[in-house]
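These notes are about the structure you will find just below.
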Amino acid sequence: MFILPIEYEFFLTACLMIVVILLASGWILKLEQIRKLNKTVSDFRKSLDEMDEQAKLIVRTDLELSKTHEELDKRINGLYALQKISQDISKTLNHNEIFRRLSQEHIQEIGFQKAIIFAADASAGPRLEHQTGFSEENAGEIETEFAGKRIFNAVKERKTTFSSISKTPETGQISGIIGAITRLESFVVSPIVRKNGFYGFILLGNPSNETPLTEGDEELVAILATQIGQALDNAELFESAYSQHQELEKKVTARTKELSDTLSELKIVSKRKTDFVSAVSHELRTPLTSIKGYASILLSEKLGELPAQIKERLGKINKHSDELTHLVNDLLDIARIESGRFEMKLEPVCLAHTAESVVDLLGVQLKEKSATVEMNFPKELSSALADKTQIPRVFINLIGNAVKFIPPAGAIKISAFESAEAIQVNISDNGIGMSPEDAGRIFEEFYRVDNTINQKVKGTGLGLTLVKNIIQAHQGKIWVESRPNQGSTFSFILPKAK
Ligand code: ADP
């Protein structure tokens, strides 16, 4: 046997151990690498799983999105169609026409094939107001079923919109019955409410569940029901306003006819009166002229001297004849102006001059009363477009009356001003005045206020009627403002000469 020296043996053992250690650490390194690789593989697998999950999520989200998109499209189309229907039904103010406008085409546009509307008829129970999409026979059956009131009342009591997809137990039961009666698989029922309460309900539906109902459909039908309610209210309001208007128009026509008949009668009566007054006045004028003529001749004593007593009586005859002639002339003038036979000759007239000459003319009466007259006419006052023979009569009557009704040393003021088209003259006095009732009547023929002055001074009560007629024949206006014991102001307006 070959024996190695001990050092050599030791050396070999040491080498062997080193080799073993090296091998062992190599294995350990490899094992470590394998473990790391395994971890990477498992990480990779996990990432793959996560990616798979995300991919699934994306697909799911995409599906949901396209569904939502579809629903949104349906909703927009439905709303658009609803807006069209609403516009259509709100354009009519006729009750029946509102329902006629809920056509099959309109109903389809909001996603339904059939529609039925029931109204609560207080006396005869539920009444089928309108239907579209149902056969006559089917509609008849439905009406009979609803006439039983049970379903109708159940709908009425629910007060809110519900559909075949409503899950609550009460609606579930009603829905079941309605589905069976109408042979519809999906439907929405909404009450139609008006200002004065429940009117009826609308039901929109489809025979199959091909396009499932959504909450959006319920909202759509609820809006439509509200619109119908409002359109019905508007129609009723219009109908009542229209019938009231018709009624009023009838009344106005009847009254207008009555008035125009009365006016025609009045015109006839007034014409007869004018003709009569005119004829009588004419008849009176001739003998009056003779009486006055004879009295004047006798008074002149050309036929011989007269005793004082007879002279005095003849004087009275003369005076009364003058008064009567004056009255007859006034009556004739009034009649002529009223009948339109008197034509005004219109020309520029200076009112300041006219007023001045009338004040001159009445000088004696003014002096007798120690009256003062204050005239206030603007220097540049335009001329009036008037008949220069008639306007002095207006001033004579108005200033003459003022003198008559003022106290001794009373005051009269005459003023004028102009506007764009007319001239206004005011004649004021601080005389006896009058009550508002009398002021409203003094332009009537023969009207005289019952006062102390009128009891003493004679008058005809025709002066102001004549004045009013003259002013009106000029397209002017006359009025009085007066208070008892505080005086009066007579004002008139005449057109301005251009
Ligand atoms: P007459 O003067 O002849 O009575 P008028 O027609 O001129 O008739 O007047 C009618 C009535 O109006 C007068 O009787 C008088 O009562 C009232 N009246 C007219 N002018 C005045 C006045 N300036 N002040 C008070 N009363 C007046």
Check your understanding: Taking only the alpha-carbon atoms of the chain, what semi-axes of the equivalent ellipsoid follow from 5 times the gyration tensor eigenvalues under a square root, in whole Å, largest first?
Key -> 118, 40, 18
Practice item. Provide the gained length on full extension for the span ALA308 to LYS30, in nm with one decimal, where the gain is 0.36 nm per separating residue minus the Cα-Cα distance. Key: 82.0 nm
Revision key, fill the gap. For region 74-88, Karplus-derived ³J(HN,Hα) couplings (6.51, -1.76, 1.60; θ = phi - 60°; whole Hz; x for glycine and proline) come out as 4, 5, 5, 4, x, 5, 4, 5, 4, 4, 5, 4, 4, 4, 5
Review point. Between SER264 and GLN472, what FRET efficiency follows from the Cβ-Cβ distance if R0 is 22 Å, with the result rounded to 0.05?
Key: 0.60
Review point. Where does region 1-124 land on Rg(C-alpha)/(2.2 N^0.38 Å)?
Key: 3.16
Practice item. Put one equal scatterer on each alpha carbon of region 274-329, apply the Debye formula with no solvent term, and list log10 I(q)/I(0) at q = 0.14, 0.21, 0.31 1/Å to two decimals. Key: -0.42, -0.74, -1.17
Point to revise | Charge dipole (debye, nearest 20) of the chain; +1 at Cβ of Lys and Arg, -1 at Cβ of Asp and Glu | key: 2720
Check your understanding: Which percent of Cα-Cα pairs in region 373-415 sits in each 10 Å bin, short to long?
Key -> 23, 46, 26, 5
Practice item. Identify the trypsin sites (Lys or Arg not before Pro) of region 449-479 meeting these criteria: DSSP loop state and at most 15 other C-beta atoms within 10 Å of the C-beta. Key: LYS458
Check your understanding: In debye to the nearest 20, how big a dipole does region 144-209 give about its Cα centre with +1 on each Lys and Arg Cβ and -1 on each Asp and Glu Cβ?
Key -> 280
Review point. For region 142-239, what relative contact order do you get, as a whole percent, if you take Cα pairs closer than 8 Å and at least 6 residues apart?
Key: 25
Revision key, fill the gap. With no solvent term and unit scatterers on the alpha-carbon positions of region 1-71, Debye gives log₁₀ I(q)/I(0) at q = 0.15, 0.26, 0.27 Å⁻¹ of -0.75, -1.04, -1.06
Check your understanding: Measuring from the lowest to the highest alpha carbon on each principal axis, how far does region 134-255 reach, largest first, in angstroms?
Key -> 65, 31, 26
Review point. Once phi is turned into ³J(HN,Hα) by the Karplus curve 6.51 cos²θ - 1.76 cosθ + 1.60 with θ = phi - 60°, what whole-Hz value does each residue of region 465-476 show in order, with x for glycine and proline?
Key: 5, 5, 4, 4, 4, 5, 4, 5, 5, 9, 6, x
Practice item. Only Cα pairs under 8 Å and at least 6 apart count here; give the relative contact order of the chain as a rounded whole percent. Key: 9
Check your understanding: Which order do peptides 342-355, 483-496 fall in by mean Cβ count within 10 Å, highest first?
Key -> 483-496, 342-355
Revision key, fill the gap. Cα extents of region 365-498 per principal axis, largest first, Å, are 45, 30, 26
Check your understanding: What residues qualify as long-range amide H neighbours of PHE417, i.e. H under 5 Å apart, gap of 5 or more or another chain, H built at 1.01 Å from N?
Key -> GLN424
Point to revise | For region 35-133, with +1 on Lys and Arg beta carbons and -1 on Asp and Glu, the positive-most of GLN113, SER86, LEU63 along the dipole | key: LEU63
Review point. With r defined as the distance between the Cβ atoms of ASN329 and LEU361 and R0 fixed at 22 Å, what FRET efficiency is calculated, to the nearest 0.05?
Key: 0.85
Check your understanding: Between GLU105 and LEU48, what length in nm is gained on full extension when 0.36 nm per residue of separation is reduced by their alpha carbon distance?
Key -> 15.2 nm
Exercise for review: Show that you can apply the helix-only estimate: for the chain, add -39,500 (n - 2.57) for every DSSP H stretch of four or more residues, divide by all residues, and state [θ] at 222 nm to the nearest 500.
Suggested key: -21000 deg cm²/dmol
Review point. Per q in 0.23 1/Å, what log10 I(q)/I(0) does a Debye calculation on the alpha-carbon atoms of region 175-238 return?
Key: -0.92
Review point. Taking θ as phi - 60°, what are the ³J(HN,Hα) couplings along region 420-428 by the Karplus curve (6.51, -1.76, 1.60), each to the nearest whole Hz, with x for Gly and Pro?
Key: 4, 10, 9, 10, 10, 10, 10, 10, 10
Exercise for review: Run the dipole for region 363-469 about the Cα centre, Lys and Arg Cβ at +1, Asp and Glu Cβ at -1, nothing else charged, and hand back the magnitude in debye, nearest 20.
Suggested key: 440
Exercise for review: Could you order peptides 18-25, 375-382 by the average number of other Cβ atoms within 10 Å of their residues, highest first?
Suggested key: 375-382, 18-25
Practice item. Could you calculate the contour length gain from LYS388 to VAL41, that is, 0.36 nm times the residue separation minus the distance between their Cα atoms, to one decimal place in nm? Key: 111.9 nm
Point to revise | Volume in Å³ per residue [convex hull over Cα atoms, computed for region 258-361] | key: 179
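We did not get these values from a lab; they are worked out from the coordinates using the rules stated. This is a predicted model, so every value here is computed, not measured. Neighbour counts are summed over all protein chains in view; Cβ atoms, including those assigned to glycine, are modelled from backbone coordinates with ideal geometry.
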